[in-house]
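To start, the structure under review is shown below, and the notes come after it.
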Amino acid sequence: MSNITVEELKEKAIQLRQTAVTMVYHAQSGHPGGSLSAADFVTALYFREMNVNPEDPEWADRDRFVLSKGHVAPIQYAALAHRGFVPMETVKTLREYKSPFQGHPDSKKCPGIDISTGSLGQGLSCAVGMALAGKLDKKDYRVFAVIGDGEAQEGQIWEAAQSAVKYKLDNLIVFLDDNGLQIDGPTDEIMPNLDLEKKFEAFGFTTKRIDGHSMEEILETLDEVKNVKDGKPKCIVCNTIKGKGVSFMENVVGWHGKAPNEEEYEKAMEELARGLNA
């Protein structure tokens, strides 16, 4: 969908936010805060950047997407529904029995999910394996992984990063959702006073910090890294706002894993419809 405009992508991001909030409201369970913070770059990936085919979700040459911070599944599910992988009428079935939309991404239940995730810290290792397989099989597909700033406290993230550098996986692009509501952890002991961008750079990644809510900057950065074959994996650190687009959710830790009541839901949908702070 490379012909989609920036303005159309911004509108699509609002729609994905509305769908994600709707899912959590009807389930009365889920994680709205991180879903909203990741909405803009997830939109850019699914509707402009990634080479995928909703009619053939397991197409061998597709780009891969790994949601390592699997608890923000509603935003990925929203993208899959709007992209045509699953019927839109299923969006109100989040966490229901037999729903394609389980509490965390389930590749056996939902078309378009490349791997089941949810245990924080493990998804990047899976993405590294996919990217290495692509190299060994001489495939051109790319692997996009989304991790969280809090998740970066997991040692396995940095073991995966080391492996990505060792095997020169320049087909791996990591999006780090850095909403600033959780401090850095274990790596501070070996690399004090370095932010996450610098940490990935120190491990050998090509890194860049961007405004994770600027569609223009997201697209510009994706264009920059698209054809760079320098033997180095990429990490795009996104400055984001947890709960972005809903005034009473923004920068509030309590909305990490909380469902809105009816009044809050109506207010959220109204604000999103106006494109609040978009």
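Looking at the stretch 86-102, I want the residues that are within 19 Å of THR117 (Cα to Cα) and have a partner that is basic (Lys, Arg) with Cβ atoms under 9 Å, at least 6 apart or on another chain. Which pairs are those?
Every condition considered, the pairs that remain are LYS98/LYS109; SER99/LYS109; PRO100/LYS109; PHE101/ARG95; PHE101/LYS109; GLN102/ARG95; GLN102/LYS109.
Any idea how many residues of the stretch 125-178 are outside any strand (DSSP E or B), in contact with a Gly (Cβ under 9 Å, 6 or more places away or on another chain) and of a type in the set (Val, Ile, Thr)?
2
Output the residues belonging to the stretch 1-22 that are at pLDDT 95 or above and of a type in the set (A, V, I, L, M, F, W, C).
VAL6, LEU9, ALA13, ILE14, LEU16, ALA20, VAL21
Scanning the stretch 1-57 for residues that are free of Cβ contacts under 8 Å to residues at least 60 places away in the same chain and closer than 12 Å to PRO74 by Cβ, which turns out farthest from the chain's Cα centre (by Cα)?
By that ranking, first place goes to ALA20.
Go through the residues of the stretch 104-119 one by one and say whether even a single one is among the basic types (Lys, Arg) and within 30 Å of ASN261 (Cβ to Cβ).
Scanning the stretch 104-119 turns up at least one residue that is among the basic types (Lys, Arg) and within 30 Å of ASN261 (Cβ to Cβ).
Tell me which of these THR90 doesn't satisfy, since it passes every other one: (1) farther than 20 Å from GLU216 by Cβ; (2) modelled with pLDDT of 95 or more; (3) more than 17 Å from the chain's Cα centre (by Cα).
(2)
When you look at LYS244, is it farther than 30 Å from GLY134 by Cα, buried (at least 17 other Cβ atoms within 10 Å of the Cβ) and in contact with a Lys or Arg (Cβ under 9 Å, 6 or more places away or on another chain), yes or no?
Here the answer is yes, as LYS244 does meet what is asked.
Return the only residue of LYS208, LYS234, LYS258 being of a type in the set (Lys, Arg), touching a helix residue (DSSP H, G or I) at 6+ places or on another chain (Cβ under 8 Å) and surrounded by 20 or more Cβ atoms within 10 Å (Cβ to Cβ).
Step by step, each of LYS208, LYS234, LYS258 is checked, and only LYS234 is of a type in the set (Lys, Arg), touching a helix residue (DSSP H, G or I) at 6+ places or on another chain (Cβ under 8 Å) and surrounded by 20 or more Cβ atoms within 10 Å (Cβ to Cβ).
Across the stretch 64-85, what is the number of residues that are assigned to a loop (DSSP other than H, G, I, E, B) and surrounded by fewer than 22 Cβ atoms within 10 Å (Cβ to Cβ)? Break it down stepwise before answering.
In the first step, residues of the stretch 64-85 are kept if they are assigned to a loop (DSSP other than H, G, I, E, B); the result is 68-69, 84-85.
If we keep only those that are surrounded by fewer than 22 Cβ atoms within 10 Å (Cβ to Cβ) too, we end up with 84-85.
The qualifying residues number 2.
Do you know which residues across the stretch 36-56 are acidic (Asp, Glu) and part of a helix (DSSP H, G or I)?
The answer is ASP40, GLU49.
Between a first residue in the stretch 207-220 that is in a helix (DSSP H, G or I) and a second residue that is surrounded by 21 or more Cβ atoms within 10 Å (Cβ to Cβ) and hydroxyl-bearing (Ser, Thr, Tyr), which pairs have beta carbons less than 9 Å apart while being 6 or more apart in sequence or on different chains?
Close Cβ pairs satisfying both conditions: MET215/THR43; ILE218/THR43.
The values are calculated or read from the model by the stated rules, or taken from the named source; none is laboratory data. Everything numeric here is computed off the predicted structure, so don't read it as measured data. Cβ: placed from backbone, ideal geometry, glycine included. Neighbour counts: every protein chain shown.
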